[in-house]
Each structure stands twice: as C-alpha cells, then as structure tokens.
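Colleague: Please read through the structure below; I'll follow up with questions.
All of the numbers you see were taken from the coordinates with simple rules; none came from a lab. Worth saying up front: this structure is predicted, and the values here are computed from it rather than measured. Neighbour counts run over all protein chains shown; Cβ positions are idealised from the backbone, glycine included.
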Amino acid sequence: MTAETTSFDASRRAFLVGTCGVAALATGGFGTALLADDAWAAKGIKRRKNGKVVVRVDKVPALKSDPSRVLLGTVKGTPVAVVREGDSYTALNLRCTHQGATVEGTSDGWSCPLHGSKFALDGDLERGPADSNLAEFTSRWRRKKRRLIVG
Ligand code: FES
C-alpha cells in the first residue's frame with residue numbers, strides 16, 4: 001500500500017484521509033466520514049473490480065448514527081455519498097444540478113462551492129441557483145444482507 005493521501009475540503013476545513021481508513025468528523029447534527037477512492041480498505045466498504053462499491057451498512061462506523069453519511073469518493077467517475085436517514089440508505093450523486101461542481105458537506109447538508117447552492121442531507125434543494133435536487137445514484141438494496149450495492 002502506498003502512503004498516498006487524498007484531500008477533501010468540507011465545511012471550509014481541510015481533512016486528509018489516508019487510503020487505508022475512514023476519518024470520522026463531528027459536523028454538528030449528524031456524523032460524516034470521508035473516504036478515499038481506495039474504498040476497498042475501509043471497514044464495511046469494498047470496491048469491486050467492476051467499479052461498483054459494496055456498503056455493508058451495519059459495519060460502517062460512520063453510518064452508526066442517524067442521520068449520517070459516508071463519502072465514497074468517486075464511483076464510475078461520479079462523486080457519491082451514502083446517506084442514512086432512519087433505516088433508509090440512499091446513494092447520492094454529489095454533482096451539483098446547476099453546473100456540475102462537486103458539492104461539499106456542511107453541518108446540515110451540502111453546499112456547492114461554485115455558486116452557493118444549498119441542499120439538505122437527503123439532496124433536497126434549499127437554495128439556488130440550482131433548480132433541482134441532487135440526484136440519486138444507481139444503487140440496489142440487498143435487504144437480507146443489509147448491503148447497498150452502489151454503481
Ligand atoms: S455549479 Fe453548483 S451552484 Fe453553480
């Protein structure tokens with residue numbers, strides 16, 4: 001394994017995340033974790049060779065609290081997060097619906113660094129110039145195994 005790190009700016013603070021782990025953040029109302037693109041090494045999250053990411057929701061420390069989220073890095077070229085609300089887990093496309101910038105996590109949702117659109121944790125639009133919610137990303141819920149297959 002290399003000593004490579006990935007940087008990500010959330011809530012105007014820079015966090016560094018090693019390729020072999022997840023950094024949990026205290027961001028107010030709900031937990032957040034940032035995950036490098038090499039998700040295969042994070043507890044409860046594996047990246048398959050076909051590009052899909054398997055999230056064993058009960059094994060991911062960042063998804064223990066409700067609500068919460070974990071960033072998966074990019075899945076098939078798209079920045080994606082998994083958001084937990086109650087017992088519902090949703091893969092969210094983090095590309096802003098205005099002009100496609102990657103939104104950043106805030107204490108209560110998402111914010112676009114390009115023109116300032118705001119979104120709730122579940123992706124619902126709160127303030128433009130974007131005019132629609134963040135999109136869900138392709139995923140399948142495996143109820144018995146409690147796994148979300150993303151991608
Ligand atoms: S690209 Fe997000 S508000 Fe413009």
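Colleague: Tell me which lysines have Cα within less than 27 Å of Lys59's Cα, excluding those fewer than 8 residues away on the same chain?
Modeller: Excluding near neighbours in sequence, the set is Lys43, Lys46, Lys49, Lys76, Lys144, Lys145.
Colleague: How much net charge surrounds Leu92 when only the other residues with a Cβ under 9 Å from the Cβ of Leu92 are counted, with Lys and Arg +1 and Asp and Glu -1?
Modeller: With Lys, Arg at +1 and Asp, Glu at -1, the neighbours total -1.
Colleague: Count the net charge of all other residues whose Cβ sits under 10 Å from the Cβ of Asp108, scoring Lys and Arg as +1 and Asp and Glu as -1.
Modeller: On the way: positive: Lys118; negative: Glu126.
Local net charge: 0.
Colleague: Let me ask something else about it. Could you state, as a whole-number percent, how many of the C-alpha pairs of the stretch 54-109 are farther apart than 15 Å?
Modeller: Within the stretch 54-109, distances greater than 15 Å cover 48 percent of Cα pairs.
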